[in-house]
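All remarks here apply to the structure that follows.
The values are calculated or read from the model by the stated rules, or taken from the named source; none is laboratory data. Since we're looking at a predicted model, the values are computed, not measured. Ideal geometry is used to build each Cβ from the backbone, glycine not excepted, and the neighbour counts take in all protein chains shown.
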Amino acid sequence: MYQFTTTNVINSQYAVDYDGNALLDSNGAAVDKYVGSATQLFVAKVGTFKKANIVALHKRPYQAGVKEVAKITITQVAAGLILRLNIDLKLSQSTLSEYVNYSLDFKKPVTVEILATNNAANDAASLVSALNTLKNRFGHSYIIASANSAEITLTAKDTSQRFAAITASIEVASPNSIIQPEFTTIATGAVTTNGIIAFGDDAWMMRQVVLPTAENVRAFGISKEERPILGGNYTEYTLRYSKTKDGQDGIVSGATSITTHVFWVKADLVSDFETELDKLSLTTPYKLTAVVTTTATLDTSDNTADQMVVTGAIGAITFVSDQPTRATVNATGLVTTDGVTGTGAAIVTVTDAVGNTASITYTVQA
């Protein structure tokens, strides 16, 4: 009863009614959807969150999807031999029926064969043509293939596809059968661009946040203003809130509720939403911040150093100095003037796994 989660989608800077009409105050002015202050965060139609009771606030930004890309180079094969290309397709965070098999993985082998011509570029073009012609039962190709001379590039059709294995093989004489050849591998492909599942795009929102059920999409359904917008990208903010009941009597006297409140904020509102969050001056990080622990001035005469500390990062982080001849930075964020020759400004930028950045400007002096 006292441990629950609320989820709200924010599509507008101003509060609206269930039909999308703007809510107005007594002066006829639009009512803000969210308002922050030094003591609390107010979100219309959700609640008021006092700073003293906010346990944590985390941010996960929108992440664009990336289609996986792999390449394989076809070697020259004697004319007349069977040349086979095997592609083992696998799904990540998807369960399409087309990929169901005997194992627990959702995967599907895609195989095409041609008669080799003793010309690697021609064979690669023929394999690409065969791949692009191959269709599933719905009339769609499995992947997108192209050739540049003897090199074949394979591109996934969507961000959930993965290339588990890619091999090219040719027929060899079989000691076991005079009609069924055996095959030996002559080339192996490799992934050149790793696929990434999109986070916070419209497909994610409809799959994970607001399912397109009849109740959610009907013309007179409630909370229509919180339906994900097609083409919209959303950033997730998760707020943990703790409140102990006041008073000395009652069956819940002294009980503490810890609730979770998730806000999905449309991309064009993220900056304004964070402006209101910043007014709270929370100690719990919700976005990437680079903090200088000593000073932003480095002296080349005594090789001074400064350790950068990062808060609010998602995944692995990297540090880069835009002026390595003035100040260098290692993988742990230690900025130093060891071995440098220049003076002036040097900007050290930190980037996390989803592309968030923060930077500190150092003054390097002799």
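Residues that are surrounded by fewer than 16 Cβ atoms within 10 Å (Cβ to Cβ), under 25 Å from THR184 (Cβ atoms) and either within 25 Å of the chain's Cα centre (by Cα) or not small (Gly, Ala, Ser) (or both) within the stretch 149-163 comprise just one, GLU151.
Among residues of the stretch 214-247 being hydrophobic (A, V, I, L, M, F, W, C) and outside any loop (DSSP other than H, G, I, E, B), the one that is modelled with the highest pLDDT is LEU239.
Residues are listed down the side, and each one gets a yes or a no for (1) under 30 Å from ALA121 (Cα atoms); (2) basic (Lys, Arg); (3) part of a loop (DSSP other than H, G, I, E, B):
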{"residue": "THR159", "(1), (2), (3)": "yes, no, yes"}
{"residue": "ILE166", "(1), (2), (3)": "yes, no, no"}
{"residue": "MET206", "(1), (2), (3)": "no, no, no"}
{"residue": "PRO212", "(1), (2), (3)": "no, no, yes"}
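Here are the criteria: (1) outside any strand (DSSP E or B); (2) over 30 Å from ASN11 (Cα atoms). Tell me which single one ASP306 does not satisfy. For ASP306, the exception is condition (1). Note on the stretch 338-355: among residues that are closer than 24 Å to HIS58 by Cα and surrounded by fewer than 13 Cβ atoms within 10 Å (Cβ to Cβ), the one that is modelled with the lowest pLDDT is GLY355. Residue check: VAL335 meets all listed conditions (1) surrounded by 13 or more Cβ atoms within 10 Å (Cβ to Cβ); (2) under 30 Å from THR235 (Cα atoms); (3) modelled with pLDDT under 95 but one, namely (2). All conditions in (1) surrounded by 12 or more Cβ atoms within 10 Å (Cβ to Cβ); (2) more than 21 Å from ALA15 (Cα to Cα); (3) of a type in the set (Val, Ile, Thr); (4) not assigned by TED's automatic domain parsing to the domain that holds LEU83 hold for THR213, with the sole exception of (1). Exactly one residue out of ALA70, ALA56 is of a type in the set (Gly, Ala, Ser), over 30 Å from THR275 (Cα atoms) and surrounded by 13 or more Cβ atoms within 10 Å (Cβ to Cβ), and it is ALA70.
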